[in-house]
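Have a look at the structure below before the remarks.
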Amino acid sequence: MDTPEQRIQIAVQKTGRLTDHSIDLLERCGLIVTKSKNQLICYGENMPIDLLLVRDDDIPGLVSEDVCDLGIVGLNIVEEKRLGLLAEGSEALFKQIYELDFGHCRLSLAASDGVNYSGPESLQNKRIATSYVAILREYLNKHEVDAETVYFSGAVEIAPKLGRADYICDLVSTGGTLAANGLQEVDVLLDSEAVVIQTQAPLGDAKQALVDKILQRLDGVLQVRESKYIMLHAPRSALAEIRNLLPGSEAPTVMPLDGNDDKVAVHAVCRENVFWETLENLQAAGASSLLVLPVEKMLA
């Protein structure tokens, strides 16, 4: 049995927009987990990896303090923690090592509909409600704006209606919540997505090798999320045109068809989405017997 010192601890958001994506991604990397009764820890059955299900804003601290070796968390949380520590004269003891390309959102400034916003100077002497105090203060300092930061831990969008703020600074995904509260997005401070962070404490050769394996598998899964494997038959004379029509493909595999010197089989991994129009264009170029399959994972 693995000792705690030999197992990798990964901090994952317990509930929220990143939870299901994070666990699903790790499972697609081959990890099989069993949840404990209190639902706070998922134990890896086939790999020495445990998932700790925690609040997202606790993840950078757990990784920084070497309680967890890795964490999956939004870049917005990472930057807020990093800048907050810098303001206190400290330094974050974690490093961002991988972007996961999901959980996309943005940290934006918003104002009531009808407010005329002409740039950061419009914030001068205004009150801004946010739970991202460190990021907002860095933005204000960068633009040499003197404004009051009003801390809100939740439901930031109601601050203007309550008379507590002139602007808000909050995460925006679709903008629907802003519109429902009579607000308009006026500026973007940070584009965010899910990232992997790692402790800066030495892991040792065995642990680091396992981390490297996880990252390689993550790369293999993420590379092919939109990829498709296309198989088709085509006349040799149409190969050049068909190669050009295959979206995001490197050199396809071309194989002779038994008993047919004029046609070949073409297999290709397309790293861009394959639409019906793509297949119709391939068929118009002379392709036949077209088959499109999903790609679950790939190692280059």
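Bear in mind that the values in this text are calculations on the coordinates, not laboratory data. Quick caveat: nothing in here was measured; it's all calculated off a predicted structure. Cβ coordinates were reconstructed from backbone atoms using ideal geometry, including for glycine residues, and neighbour counts include every protein chain displayed.
For the stretch 147-195, with the dipole built from +1 on Lys and Arg beta-carbon atoms and -1 on Asp and Glu ones, taken about the Cα centre, which of 163, 195, 182 lies farthest toward the positive end?
Going by the charge dipole, the pick is 163.
Under 10 Å, Cα contacts only: if you run a Gaussian network model on the chain, which one of 172, 224, 266 comes out with the highest mean-square fluctuation?
266
If you take Rg and Dmax of the Cα atoms in Å from the coordinates, which of [x] 19.6, 56; [y] 24.9, 81; [z] 19.4, 64 do you get?
Comparing each candidate, only [y] matches the computed number.
Which entries of 213/297; 81/161; 35/81; 81/297; 14/81; 95/207 have Cα-Cα distances beyond 23 Å here?
81/161; 35/81; 81/297
So what's the back-of-envelope 222 nm ellipticity for the chain, counting only DSSP H runs of four-plus at -39500 (n - 2.57) apiece and dividing by all residues, rounded to 500? Spell out each step's value before the answer.
Numbers: 8 runs with 79 residues, N = 300.
That calculation yields -7500 deg cm²/dmol at 222 nm.
Can you pull the one-decimal nm distance between simple spin-label points at residue 161 and residue 241, each 7 Å off the Cα toward Cβ?
Each label point lies 7 Å from its Cα, and together they span 6.0 nm.
At R0 = 41 Å, how high is the FRET efficiency between residue 193 and residue 231 if r is their beta carbon distance? Nearest 0.05 is fine. Mind showing how you got there, number by number?
On the way: r = 33 Å, r/R0 = 0.81.
Plugging the Cβ-Cβ distance into 1/(1 + (r/R0)^6) gives 0.80.
Would you work out the relative contact order for the stretch 228-294, in percent, from Cα pairs under 8 angstrom that are 6 or more residues apart? Intermediate values should be presented prior to the final figure.
Numbers: 117 pairs, mean separation 34.3, N = 67.
RCO, the stretch 228-294: 51 percent.
With +1 on each Lys and Arg Cβ and -1 on each Asp and Glu Cβ, how big is the dipole of the stretch 141-234 about its Cα centre, in debye rounded to the nearest 20?
580 debye
Once you've got the GNM for the chain with C-alpha springs shorter than 10 Å, pick whichever of 59, 242, 32 has the biggest mean-square fluctuation.
Greatest mean-square fluctuation among the candidates belongs to 242.
Let me check against my output: what whole-number percent is the relative contact order of the chain, with C-alpha pairs under 8 Å and at least 6 apart? Before the final figure, lay out the partial values.
On the way: 578 pairs, mean separation 53.8, N = 300.
About 18 percent, as a whole number.
Please check: in the Gaussian network model of the chain (C-alpha springs, under 10 Å), which one of 169, 29, 270 has the largest mean-square fluctuation.
Result for the chain, Cα springs under 10 Å: 270 fluctuates most.
Only bridges with both residues in the chain count here: give the DSSP antiparallel percent, nearest 5. Before the final figure, lay out the partial values.
Numbers: 49 of 65 bridges.
Bridges in the chain that DSSP calls antiparallel: roughly 75 percent.
For residue 56, what charge total do you get from the other residues with a beta carbon under 12 Å from its beta carbon, if Lys and Arg give +1 and Asp and Glu give -1? Each step should come with its number before you reach the end.
Working: positive: 14, 17, 55, 81; negative: 57, 58, 80.
So the surrounding residues net to +1.
Between residue 93 and residue 298, what FRET efficiency comes out of the Förster formula 1/(1 + (r/R0)^6) with R0 = 45 Å and r the beta carbon distance, rounded to 0.05?
Values: r = 34 Å, r/R0 = 0.75.
E between residue 298 and residue 93, to the nearest 0.05, is 0.85.
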